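The values are calculated or read from the model by the stated rules, or taken from the named source; none is laboratory data. Bear in mind that the values here come from a model prediction, so they are computed numbers and not experimental data. We place every Cβ from the backbone using ideal geometry, glycine too, and count neighbours over all the protein chains shown.
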Amino acid sequence: HKKNRAAASELLARLKDNRDLQRFLQDCQELSLWINEKMLTAQDMSYDEARNLHSKWLKHQAFMAELQSNKEWLDKIDKDGKALMAEKPETGAMVQEKLASLVKMWEDLESTTQTKAKCLFDANKAELFTQSCADLDKWLAGMDGQLQSDDYGKDLTSVNILLKKQQILESQVEVRQKEVGELQHQSQALSQEGKGSEEVDGQRISVETKLQALQAPLQQRRENLMSSREIHQFNRDVEDEIVSTADRKWSGLD
């Protein structure tokens, strides 16, 4: 009877040991499958020709946050594996091999994820540079149309309004000049990082040239408006003098 109880106890112990080992191996398998699935996402470089790089950058940031939150999964398996080895040293070789494999897979996943993050960030910088050039080019086209206007005011009031608008335009040009200077720094940085190209630098040179070409028309329009104001001011003064003279004349008759 004692032998049967001992045999039964030994069998139960072996079954428990086997169950603990199988649970550990199953946990390792599940995490391994999850890592492989995430690696496919991390290795996806299809953003090269995509236009919505900023959106992809935001999604990748969320992906990195997901990896970080699941790091506890690896930590738990590592803890369970070490506890299993401490309780059953004979499982040491197998458990150690599984843990080492998982750690290596996780490190590869993190490395690939960081590489993609850097590539997306660099590509996003280039896209933002291109977008900035396009926005500036669009603004320059609108500005050119305003400077070609032949409206210099029909009276003193309208001329003064146009001069205020002119002052606003000149302030905007100053701001845009600073933006062009910043684009020059960005272009140099992209070139140093290997992200620059003749096309990228050509965009900057194009808007810089167009902005420079605005200076003469901008100055000419101010001079024309000032001349127009002088003429309308002279006419106003003459009209005021005529009215004043007429008033004095009629007052003398009284």
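Selection of region 72-89 for residues being of a type in the set (Lys, Arg) and at pLDDT 90 or above yields Lys76, Lys79, Lys82. Ser187: outside the structural domain of Phe63 (by TED's automatic domain parsing), exposed (fewer than 12 other Cβ atoms within 10 Å of the Cβ) and either modelled with pLDDT of 90 or more or not hydrophobic (A, V, I, L, M, F, W, C) (or both), yes or no? In short, no. Reported count of residues in region 201-254, each being of a type in the set (A, V, I, L, M) and over 51 Å from the mean Cα position of the chain (by Cα), is 6. Given the criteria at pLDDT 85 or above and farther than 16 Å from Met143 by Cα, does Ile168 qualify? Against the criterion (at pLDDT 85 or above and farther than 16 Å from Met143 by Cα), Ile168 does not qualify.
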